[in-house]
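A quick write-up on the structure given underneath.
The values are calculated or read from the model by the stated rules, or taken from the named source; none is laboratory data. These numbers come from a predicted model, not from an experiment. Virtual Cβ from ideal backbone geometry, glycine too; neighbours counted across all protein chains shown.
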Amino acid sequence: MAFEDLLDDPVIQKYLHELVGPEGMMVAAAPPDGEVTDEELAEELDLELKAVRRTLFILYENDLASYRRLRDEDSGWLTYLWTFHYDNIPENLEEQMYQLLEALEERLEYERTHEFYLSEVSSIRFEFGEAMELGFECPNSGTPLEPMDNDRLVNAIERRTDDLRDELNVDTDT
């Protein structure tokens with residue numbers, strides 16, 4: 001996928017926005033061709049240098065930017081030349097989808113293997129052991145805890161995990 005096509009994709013725009021925030025989007029949405037210094041970006045985009053550096057570091061941490069250092073032989077100053085690598089975005093998104101699938105599968109197992117009680121007045125949910133220790137009485141309101149049917153939540157998690165498995169082409173036996 002070409003650089004421009006990546007940045008036109010709303011999913012990728014949202015991903016970048018989640019990573020760097022609204023101020024960082026000015027840096028992330030206009031990656032230069034070739035190498036650029038943080039000072040050049042700050043001047044070109046009329047942003048504070050610390051905001052540009054913060055964004056570059058976040059992109060670097062997510063394998064979306066790299067840098068090389070040059071030392072000025074006279075002054076000893078280091079200059080960082082940054083390069084953007086947005087071709088890694090689809091791989092990063094896929095990795096996050098696998099992480100989400102794993103988290104949802106863990107939550108699904110938890111929801112299936114535990115019994116819950118609810119304080120309808122306080123809207124607090126307790127596991128069976130906690131409810132038993134409390135004498136099946138809400139510590140906030142003093143009202144009785146009622147058995148909670150979490151089938152709707154389990155079904156919603158199952159649908160989401162099925163959708164993710166389909167999208168990732170993951171076998172349901174795993």
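Some observations on this one:
- Condition check for Leu64: surrounded by 11 or more Cβ atoms within 10 Å (Cβ to Cβ) and assigned by TED's automatic domain parsing to the domain that holds Ala156: no
- Of the helices (runs of 4 or more DSSP H) contained entirely in the stretch 1-84, those carrying at least 3 residues that are closer than 18 Å to Gln96 by Cβ fall at 10-28, 49-61.
- Hey, Arg159 basic (Lys, Arg) and out of contact with any strand residue (DSSP E or B) (no Cβ under 6 Å at 6 or more places or on another chain) or not: yes
- Pairs where the first residue, in the stretch 18-32, is crowded, with 17+ Cβ neighbours inside 10 Å and the second is basic (Lys, Arg) and part of a helix (DSSP H, G or I), C-beta under 7 Å, 6+ apart: Gly24/Arg54
- The test for being within 25 Å of the chain's Cα centre (by Cα) and of a type in the set (A, V, I, L, M) does not hold for Leu41.
- Condition met for Arg125 (within 30 Å of Thr143 (Cβ to Cβ), in contact (Cβ under 8 Å) with a residue 12 or more places away in the chain and part of a helix (DSSP H, G or I)): no
- Summed over the stretch 38-52, residues that are more than 19 Å from Tyr86 (Cβ to Cβ) and surrounded by 14 or more Cβ atoms within 10 Å (Cβ to Cβ) total 3.
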